[in-house]
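Structure below; questions to follow.
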Amino acid sequence: MRRQTWHGNCYTHGEGNQGMTNSAFRTDNRKIEDEDILKIYFRQIKIYPLLDSEDEVALSKEAQQGNQKSLHKLINSNLRFVVKIARPYVTKDVPFMDLIQEGNMGLMHAAKKFDHSKNVRFCTYAGWWIRRFIILYMTNKRRMVRLPYRKEEVLRKVQCTYHMLSQTLMRQPKTEEIADELGMAAQDIYLILNMSSGPLPLELGMINKDNNTTTIEVHEDYTYSPERTLFRQYYCEGARSCLDKLKEKERQVISYRYEFDDGKPHTLKEIGRKMALSPETVRQIEMRALAKIRSHAADFRRYEIPEAI
């Protein structure tokens, strides 16, 4: 059972559907198609008989010797087991068929790695790989921000416990009650639930009865600020004008050393190469220039860029 082959056969559509422009109709039509695909798939996998432990061992031995027919029979006979495992993971945003296909990938992986000498039933061994492939798929595809595999598994347990306690207590369970049921700290439950929450739009209003402030108004965006750009340009030009009090070589050395020239600092050796001077000569010129700048510190301080800009 190859995922690509089945998926391609199931989701291939013919021409002439351009008139279906209504989105609601397309959604309903897709649901009907998905249901039909599941019915066809269930009907196909029912033809493969279930295996007992002796059959699993025999097929596993032959598969390890390179017999592809035995490997395919071992896989096809356990396709219904994949459906059983994938069913609890179905959500409104994850199609059942996608989970089955991911589970089938885990089943094929398990069939290739299964060791019959361990005295373990194949379904017991394959169940772990099937769940792992399904959970990894949901972790990578379902959320905008990916959760680690272990966190995703803990979140699933929290959700299952929440629904179980809701039916038992006939009310929404508290976080502490969920933590006691799972044997976890309440703080860990809070952390998992916060990590699993989806992104919110910046235009969403904050919970405040007094005003209708939005998140985008509280957290200002500083990625583009014409005022800041103007102030920076003013301060840089003012600082360069103060360098006019230095000699030509002193002005060049200071410009290279302190990012006035091309926006990045240069070493003494690089400056010496540009100006055909030795690094020691460049250092002496720099020291003289800094001494002159200190003597005119009041003029330079007027153009010191504030931290807020």
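The values are calculated or read from the model by the stated rules, or taken from the named source; none is laboratory data. Just so it is clear, the model here is predicted, and its values are computed rather than measured. Neighbour counts are summed over all protein chains in view; Cβ atoms, including those assigned to glycine, are modelled from backbone coordinates with ideal geometry.
Failed condition for THR168, given (1) touching a Ser or Thr at 6+ places or on another chain (Cβ under 6 Å); (2) without any contact (Cβ under 8 Å) to a residue 12 or more places away in the chain, with all others met?
(1)
Which of the residues that make up region 46-62 are farther than 14 Å from LEU79 by Cβ and within 39 Å of the chain's Cα centre (by Cα)?
GLU56, SER60
Continuing with this model, one more query. Where in region 70-187 are the helices (runs of 4 or more DSSP H), entirely inside, with at least 2 residues that are of a type in the set (Phe, Trp, Tyr)? Break it down into steps so the answer makes sense when it comes.
On the way: elements: 79-86, 96-113, 122-141, 149-169, 175-182.
Output list reads 122-141, 149-169.
Please identify the pairs in which a residue from region 282-309 that is closer than 14 Å to LYS247 by Cβ and modelled with pLDDT of 60 or more has its Cβ atom under 8 Å from the Cβ atom of a residue that is aliphatic (A, V, I, L, M) and in a loop (DSSP other than H, G, I, E, B), counting only partners at least 6 apart or on another chain.
From residues that are closer than 14 Å to LYS247 by Cβ and modelled with pLDDT of 60 or more, the pairs are ILE285/LEU277; ALA289/LEU246; LYS292/LEU246; ILE293/LEU246.
Could you check region 107-128 and list, in sequence order, the residues that are within 20 Å of VAL154 (Cβ to Cβ) and buried (at least 20 other Cβ atoms within 10 Å of the Cβ)?
Of all residues in region 107-128, those within 20 Å of VAL154 (Cβ to Cβ) come to 127-128.
Of everything in region 107-128, just one residue is within 20 Å of VAL154 (Cβ to Cβ) and buried (at least 20 other Cβ atoms within 10 Å of the Cβ), namely GLY127.
Just one of LYS274, LYS269, LYS245 is modelled with pLDDT of 80 or more, assigned by TED's automatic domain parsing to the domain that holds LYS292 and out of contact with any Pro (no Cβ under 8 Å at 6 or more places or on another chain); which is it?
On the way: LYS269 fails: out of contact with any Pro (no Cβ under 8 Å at 6 or more places or on another chain); LYS245 fails: modelled with pLDDT of 80 or more.
None of the others qualify; the one that does is LYS274.
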